[in-house]
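Single-structure report; data block below.
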Ligand code: SF4
Ligand code: SF4
């Protein structure tokens, strides 16, 4: 039998139960979300580094990178030198309505011309506006975070003389089972000082 108003009461019960809990939703766009600095937001193009090699476009699984270029011939430098040719980028565009943010293009680029930017606020009401041409992709470069500092490595690096001199007591005796075997066709490895 259907009790009139049961659905409403059940709904109010759920509301009452969750009233005291902390909300897990974020109030975007009133409150900006706290994203990781390396968030995959949008792809930026360092146009100066791009050689129009097409590697990124060929590797892209979504086929959403469009590149047009032409070749220009630069005059020879010396009398014997040949004329040089170079690619000039005419168009570089990424269609973000097709992109799946896999990052393969960035990994594939051998000239460090593509970077992730954490910027994500570029929603459009027109689908075609999600194709970003090279000027817009170049502008995203301003939002790319600085590279992380280089790992300083171990804090203490022992000088090689200290390593060579240290294990004289602990080293296995020459001729014992654990002593290093002579190399094939070569001489016996050098014996540390104090082993003789
Ligand atoms: S992130 Fe992936 S899908 Fe998007 S443009 Fe690069 S390779 Fe293509
Ligand atoms: S792989 Fe890099 S250098 Fe080659 S076309 Fe793509 S962005 Fe330009």
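The values are calculated or read from the model by the stated rules, or taken from the named source; none is laboratory data. If you're wondering where the values come from, they're calculated on a predicted model, not measured in any experiment. All Cβ positions, glycine included, derive from the backbone under ideal geometry; neighbour counts span all protein chains shown.
Here are the numbers for this structure:
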| item | result |
| --- | --- |
| Selection status of residue 86, loosely packed, with under 11 Cβ neighbours inside 10 Å and either more than 10 Å from ligand 2 (Cβ to nearest atom) or in contact (Cβ under 8 Å) with a residue 40 or more places away in the chain (or both) | no |
| Check on residue 106, within 16 Å of ligand 2 (Cβ to nearest atom), under 19 Å from the mean Cα position of the chain (by Cα) and at pLDDT 95 or above | yes |
| Matching residues in the stretch 69-96 - criterion: being over 21 Å from the mean Cα position of the chain (by Cα) and within 16 Å of ligand 1 (Cβ to nearest atom) | 91 |
| Condition check for residue 29: farther than 12 Å from residue 87 by Cβ and either more than 15 Å from ligand 2 (Cβ to nearest atom) or at pLDDT below 90 (or both) | yes |
| Candidates 79, 48, 72, filtered to the one that is within 12 Å of ligand 2 (Cβ to nearest atom) and either without any contact (Cβ under 8 Å) to a residue 60 or more places away in the chain or loosely packed, with under 11 Cβ neighbours inside 10 Å (or both) | 48 |
| Any hit, the stretch 4-12, residues being free of Cβ contacts under 8 Å to residues at least 60 places away in the same chain and under 17 Å from the mean Cα position of the chain (by Cα) | no |
| Flag for residue 62 being within 30 Å of residue 34 (Cα to Cα), surrounded by 10 or more Cβ atoms within 10 Å (Cβ to Cβ) and away from ligand 2 (no atom under 16 Å from the Cβ) | no |
| Condition check for residue 146: surrounded by fewer than 16 Cβ atoms within 10 Å (Cβ to Cβ) and at pLDDT below 95 | yes |
| Filter pass, residue 112 being more than 16 Å from ligand 2 (Cβ to nearest atom) and either surrounded by 13 or more Cβ atoms within 10 Å (Cβ to Cβ) or within 20 Å of the chain's Cα centre (by Cα) (or both) | no |
| Residue in the stretch 12-21 that is within 16 Å of ligand 1 (Cβ to nearest atom) and either closer than 30 Å to residue 119 by Cβ or exposed (fewer than 10 other Cβ atoms within 10 Å of the Cβ) (or both) present | no |
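Rundown of residues vs (1) out of contact with any strand residue (DSSP E or B) (no Cβ under 6 Å at 6 or more places or on another chain); (2) closer than 30 Å to residue 106 by Cα, yes/no style:
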residue: 10; (1), (2): yes, no
residue: 32; (1), (2): yes, yes
residue: 39; (1), (2): yes, yes
residue: 48; (1), (2): yes, yes
residue: 52; (1), (2): no, yes
residue: 58; (1), (2): yes, yes
residue: 61; (1), (2): yes, yes
